[in-house]
Every structure is written in C-alpha cells, then in structure tokens.
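Contents: one structure, followed by commentary.
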Amino acid sequence: MFITRLTLRDFRNYARADVELGPGLNVVCGPNGAGKTNLLEALYFSLTARSCRTSNEREVVRLGESVTRVVASVADDDRAHTLEVGFAPGEEKRVRIDGAPLERGAAPPPRPLACVFLPERLELVKGAPANRRGHLDQLVAALWPARAETRAAYSRALSQRNALIGRIRAGASLERHLDPWDYELARHGIELMADRSRAVAAVAPHFAERGRDLGMPDPVELRYLARSKADDLEALRRELGERRGADIERGFTQHGPHRDDMSLLHGGRLLRTLGSQGQQRVGLLALLFAERDVLAARRRPPLMLLDDVMSELDATRRERLSDLLRERGQSLVTTTDVEHVPGAATADDVMVTSVLDGTATQGTPVAA
C-alpha cells in the first residue's frame with residue numbers, strides 16, 4: 001500500500017498543490033522556508049487527520065483562509081482509494097473515504113502506516129520517559145492492532161484508581177474500596193507489560209543491525225525498562241497493595257506500567273544522557289528503520305517521512321541512509337539540495353519534487 005498522489009488546498013503556505021508520488025523514494029527539495037516540511041506534514045495529515053508538528057492545528061490552515069483540505073490517493077493491491085480530510089478551526093474534522101463520510105467510531109480507513117523523523121523528534125531519545133512509552137505503545141498497536149485496546153483499558157483503570165485515591169484522601173471513601181481497581185489495573189497492566197516486552201524483543205536485533213549500517217561507532221542496544229518486577233496478575237496486584245499507603249499520601253498511583261521506560265544504549269551508555277547530538281540523531285534513525293524492518297516482515301512497511309535528515313550527516317552516512325530508503329517501501333525525504341540524497345538526481349526510481357514559495361514543481365530541483 002502506498003500513496004500515489006497528494007492534493008492540498010490552503011494548507012500552511014500552499015494555496016494549491018498537486019504532487020505525484022512514486023512507490024519508492026521521493027525527494028522534496030528547496031530552500032529553507034519554501035514549504036518542504038509543510039508538504040510532509042500535509043501527507044501525514046491526510047493519513048491520520050492529525051498534525052505531526054503541532055498540537056494547535058489552527059496553524060495548518062493557510063493565513064487568511066478559514067478551511068483547509070488535503071486528499072491522498074492510495075494504491076492497495078491494484079485498488080485505489082481516496083482519503084480526504086477537511087478542517088476548519090473550531091469544527092470537527094471532516095474525513096471522507098472514497099467520497100463517503102467516515103462516521104465517528106468507525107473502523108480506520110485503508111491507509112499506510114506513517115513513520116516520521118523531524119528534528120524535534122530527538123525528544124524521543126533524549127526527552128522524558130513518557131515520550132518513549134507513547135512511542136512504544138504506538139508500535140504495539142501497529143504490530144498487533146487488536147492489542148491497542150489494552151493501553152486504553154489500563155489508562156481508564158488508572159484514572160479510576162487515582163480518582164478513588166482522591167476521595168480517600170478527602171475522607172469520602174475507604175481504602176478497601178481500592179481492591180477492585182487494584183485488580184483491574186493489574187489485569188490490564190500485566191498484559192500491557194507483556195505487549196511492550198514482545199515489541200522491544202522483536203525490534204532490538206534490527207536496531208543493532210541498523211545501528212551498524214548507519215555507522216554508529218559502538219554497538220547499539222534497545223531495552224525495555226519495566227517499573228514492576230511482577231510476572232503475573234497476582235504479583236502486580238500485591239505490588240500495588242504494598243504501595244497503597246504511599247499512593248494515598250501522594251494522591252496518585254506511583255507504581256505500574258505507566259512509569260515504564262525504554263532505553264537506547266550506545267556502547268553500553270545511555271544515548272539520552274551520554275550520546276552526542278549526532279549519535280542521538282543516528283540512534284533515532286536506527287530505531288525507526290528497525291521498526292520498519294519488523295513491520296515490513298508482517299507485510300505492513302510504513303511510509304517513512306524524513307525531514308531535514310541529510311543535512312547533519314557525513315557523506316558515508318548519507319550513502320547508507322539512501323540505500324536503506326530505497327531498500328523497501330515508500331519514503332519521502334526533504335532536503336535543501338537534491339545532491340544530499342545520493343543518486344536521487346539521476347536515478348529512474350526516485351521521484352523529485354522541488355518547492356519554492358509554496359509552489360511544488362516536479363522534476364526540476366531548486367538550487368539551494
């Protein structure tokens with residue numbers, strides 16, 4: 001499954017754009033501020049109805065306009081689909097699949113998975129554990145879609161338990177009323193831990209391989225760091241029971257999978273604290289490509305969306321990354337100079353789009 005065309009209206013700095021995409025490597029080039037990242041964001045928006053850059057989605061509507069519309073054409077086993085997202089700030093998004101409205105709560109449309117590298121995504125490596133937990137849970141959902149509900153069920157149980165702790169602190173409830181919520185939290189928590197552990201175990205060997213491919217000087221390693229040592233429901237419930245007093249004193253649940261982490265190591269050292277900016281950047285790329293390997297083995301290779309990834313890599317790493325991008329699946333890379341993507345300017349299997357002042361033109365790179 002891949003995107004064949006992207007059409008947008010009044011998105012960021014684009015009044016109109018119509019871009020054809022190839023099934024392999026696509027390169028978007030142009031000077032800084034021309035709209036390369038905006039095009040990448042529009043592609044993500046068409047697939048997910050969300051921005052990959054901002055939580056204030058009013059920003060995606062072109063200045064002076066009241067509504068934006070993005071349409072992606074998707075090829076799937078010789079069939080074609082269109083995914084359309086219309087958005088006016090203050091209103092619900094209008095999502096259409098092949099022209100028909102997608103009802104709230106309906107199954108998601110046929111679409112590629114999307115994997116995004118933006119400079120700010122380095123927070124996944126060097127930021128708070130919550131970033132890595134969220135990413136890991138997204139990976140679980142991509143690998144085993146039926147397991148996505150486990151994280152939601154755990155979150156609901158955690159919210160209920162925390163609310164009850166608040167009532168106990170206020171003298172409006174009794175500590176023994178936590179018993180059923182300890183059971184629910186442990187029931188979903190032990191499943192969530194198992195899902196995360198399986199996902200990390202699947203990705204870890206590929207992470208080590210891609211780290212070598214991208215020229216990391218020392219071996220890289222991926223580890224799942226579970227806060228709990230429990231290996232079954234009863235053990236996790238006992239752990240929660242042992243910490244009740246402290247939870248009530250603090251006013252929230254301090255122990256459980258919502259405090260887990262995932263560590264990326266380079267030469268046995270945490271990339272988060274002891275890796276250079278360049279090592280963190282390559283480590284993140286290695287992780288994303290490792291995840292692509294695992295998903296591709298399940299016939300679900302994600303669309304790789306890489307923004308400004310080549311500028312801080314040396315020539316050798318650019319060559320290695322270009323080879324990886326052309327190895328399998330569809331990808332889109334932005335760059336200020338098409339020469340930064342080895343082989344892109346002359347290869348027949350690479351689609352090049354140049355961008356200047358919110359205008360996209362195919363086949364003619366713009367000089368940096």
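Taking the conditions (1) farther than 26 Å from His340 by Cα; (2) in contact with a His (Cβ under 9 Å, 6 or more places away or on another chain); (3) in a helix (DSSP H, G or I) in turn, Ser46 satisfies each one other than (2).
Residues in region 217-228 that are surrounded by fewer than 16 Cβ atoms within 10 Å (Cβ to Cβ) and either within 24 Å of Asp137 (Cβ to Cβ) or among the aliphatic types (A, V, I, L, M) (or both): how many? So that I can check it myself, show each step before the final result.
Kept after step one, since they are surrounded by fewer than 16 Cβ atoms within 10 Å (Cβ to Cβ), are these residues of region 217-228: 217-219, 223, 225.
Imposing the further condition that a residue be either within 24 Å of Asp137 (Cβ to Cβ) or among the aliphatic types (A, V, I, L, M) (or both) reduces the set to 223, 225.
Summing the residues that are surrounded by fewer than 16 Cβ atoms within 10 Å (Cβ to Cβ) and either within 24 Å of Asp137 (Cβ to Cβ) or among the aliphatic types (A, V, I, L, M) (or both) in region 217-228 gives 2.
When we screen Ala204, Ala186, Ala172 for residues that are over 20 Å from the mean Cα position of the chain (by Cα), in a helix (DSSP H, G or I) and modelled with pLDDT of 95 or more, the only hit is Ala186.
Rundown of residues vs (1) assigned to a helix (DSSP H, G or I); (2) among the hydroxyl-bearing types (Ser, Thr, Tyr); (3) buried (at least 18 other Cβ atoms within 10 Å of the Cβ); (4) modelled with pLDDT of 95 or more, yes/no style:
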{"residue": "Leu192", "(1), (2), (3), (4)": "yes, no, yes, yes"}
{"residue": "Val200", "(1), (2), (3), (4)": "yes, no, yes, yes"}
{"residue": "Gly215", "(1), (2), (3), (4)": "no, no, no, no"}
{"residue": "Ala230", "(1), (2), (3), (4)": "no, no, yes, yes"}
{"residue": "Glu249", "(1), (2), (3), (4)": "yes, no, no, yes"}
{"residue": "Gln254", "(1), (2), (3), (4)": "no, no, no, yes"}
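Answer yes or no: is there a residue in region 345-362 that is at pLDDT 85 or above, of a type in the set (Gly, Ala, Ser) and over 19 Å from Gly33 (Cβ atoms). No, there is no match, as no residue in region 345-362 is at pLDDT 85 or above, of a type in the set (Gly, Ala, Ser) and over 19 Å from Gly33 (Cβ atoms). Beta carbons closer than 7 Å, at least 6 apart along the sequence or on distinct chains, pair a first residue in region 150-169 that is at negative phi with a second that is part of a helix (DSSP H, G or I) and small (Gly, Ala, Ser) for Tyr154/Gly189. Taking residues in region 217-232 that are assigned by TED's automatic domain parsing to the domain that holds Arg269, and partners anywhere that are hydroxyl-bearing (Ser, Thr, Tyr), the pairs with Cβ atoms closer than 9 Å and at least 6 places apart or on different chains are Glu221/Ser263; Leu222/Ser263; Arg223/Ser263; Tyr224/Ser197; Tyr224/Ser263; Leu225/Ser263; Ala226/Ser197. Scanning region 97-153 for residues that are over 12 Å from the mean Cα position of the chain (by Cα), farther than 22 Å from Ser276 by Cα and assigned to a helix (DSSP H, G or I) yields a total of 10. Just the residues that are buried (at least 18 other Cβ atoms within 10 Å of the Cβ) and part of a helix (DSSP H, G or I), please, taken from region 302-319. Arg317, Arg318, listed by residue number.
The values are calculated or read from the model by the stated rules, or taken from the named source; none is laboratory data. In this text the structure is predicted, and so the values were computed from the model without any measurement. When we count neighbours, we look across all protein chains shown, and the Cβ atoms used for this are built from the backbone with ideal geometry, even at glycine.
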